[in-house]
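Q: Pasting a structure here, questions to come.
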Amino acid sequence: MIGRLNHVAIATNDLDKACAVYRDLLGAKVSAPVPQPDHGVVTVFVELPGSKIELLTPLGGNSPIANFLARNPGGGVHHLCFEVDDIRAARDQLLAQGARLAGDAEPKIGAHGNPVLFLHPKDFIGTLIELEQA
Ligand code: CO
């Protein structure tokens, strides 16, 4: 069902520092910050051959990553994003097997302009999973 690892998302309270780590220490190509008001985050994309790192920091008072950062004030891996061909078919197959979603059952348009859904970390070895129709 799942295809390419589209990105690994890392949440941080200090986006400037996170950018500096990837750009200056690790020598990666780092994008400018992009506010995503629909998702309550600011994103920075770190381009890697064949995949990406997505750096996330909260935007506004009701950010979906606020609880994560309260538990992990130094930041950390927030989710993995896998590509699927048909996001509704993937959702239906997972729900039929008893897996739970995190958030809405209806796909939302994600940071890359494609439909996304999130799967509950309790069913995926403690890891929040994002599916993106690519
Ligand atoms: Co993501």
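The values are calculated or read from the model by the stated rules, or taken from the named source; none is laboratory data. Since the structure is predicted, the reported quantities are computational estimates derived from the model, not experimental observations. Cβ placement follows ideal geometry from the backbone for every residue including glycine, while neighbour counts extend to all protein chains displayed. Remember, those area values only see protein heavy atoms, side chains included, never the ligands or the DNA or RNA. Shrake-Rupley method; radii C 1.70, N 1.55, O 1.52, S 1.80 Å.
Q: Using the Karplus equation 6.51 cos²θ - 1.76 cosθ + 1.60 (θ = phi - 60°), what ³J(HN,Hα) coupling, rounded to whole Hz, does each residue of region 68-79 give in order, writing x for Gly and Pro?
A: Here the 3J(HN,Hα) series is 4, 6, 5, 7, 10, x, x, x, x, 5, 9, 7 Hz.
Q: Still on this structure: Calculate the spin-label point distance for residue 5 paired with residue 77, positioning each point 7 Å from the Cα along the beta-carbon direction, and give it in nanometres.
A: Going from the residue 77 label point to the residue 5 one covers 0.7 nm.
Q: Once the Cα atoms of helix 87-96 and of the chain are each reduced to a long axis, what angle between those two axes, in degrees from 0 to 90 to the nearest 10, is obtained?
A: Roughly 60 degrees, rounded to the nearest 10.
Q: What ranking, highest mean first, results for peptides 93-101, 57-65 when packing means the other Cβ atoms within 10 Å averaged over each residue? Walk me through the numbers on the way to the answer.
A: Working: 93-101: 12.7, 57-65: 15.9.
Per-residue mean Cβ counts within 10 Å order the peptides as 57-65, 93-101.
Q: Given charges of +1 on the Cβ of Lys and Arg and -1 on the Cβ of Asp and Glu, with all other atoms neutral, how large is the dipole of region 1-96 about its Cα centre, in debye to the nearest 20? The partial results should precede the final answer.
A: Details: 8 positive and 10 negative charges, 32 e Å.
Dipole of region 1-96, to the nearest 20 debye: 160 debye.
Q: With each label point set 7 Å from Cα along the Cα-Cβ vector, what nm distance links residue 85 and residue 32?
A: Reported label-point gap for residue 85 and residue 32 is 3.8 nm.
Q: With Kirkwood's inverse mean 1/r over C-alpha pairs for Rh, give me the Rg to Rh ratio of the chain, two decimals please.
A: On the way: Rg = 14.7 Å, Rh = 15.3 Å.
Radius of gyration over Kirkwood radius for the chain works out to 0.96.
Q: Can you work out the Karplus-derived ³J(HN,Hα) for every residue in region 101-118? Use 6.51 cos²θ - 1.76 cosθ + 1.60 with θ = phi - 60°, whole Hz, and x for glycine or proline.
A: Residue by residue, region 101-118 yields 8, 10, x, 5, 7, 8, x, 10, 7, x, 5, 9, x, 10, x, 9, 9, 10 Hz.
Q: Further question on the same structure: Would you mind getting the accessible area per residue of region 24-134, heavy atoms of the protein chains only, 1.4 Å probe, in Å²?
A: Numbers: 6090 Å² over 111 residues.
Heavy-atom SASA per residue in region 24-134 reads 55 Å².
Q: Follow-up. Can you report the principal axis dimensions of region 1-57 using only the alpha carbons, biggest first, rounded to whole angstrom?
A: 35, 30, 15
Q: Amide H to amide H, which residues 5 or more places from residue 101 or on other chains are under 5 Å from it, using H placed in the peptide plane?
A: For residue 101, the qualifying residues are 120.
Q: Number of Lys pairs in region 5-133 with C-alpha atoms less than 22 angstrom apart, excluding same-chain neighbours closer than eight positions? Numbers along the way, then the final one.
A: On the way: 17/29; 17/52; 29/52; 52/108; 108/122.
Taking region 5-133 as the scope, the lysine pair count is 5.
Q: Quantify, in whole percent, the carbon and sulfur part of the accessible surface of the chain (1.4 Å probe; protein heavy atoms only).
A: 55 percent
Q: Where in region 2-52 are there trypsin sites (Lys or Arg not before Pro) that are in a DSSP coil and have at most 16 other Cβ atoms within 10 angstrom of their Cβ?
A: The qualifying sites are 4.
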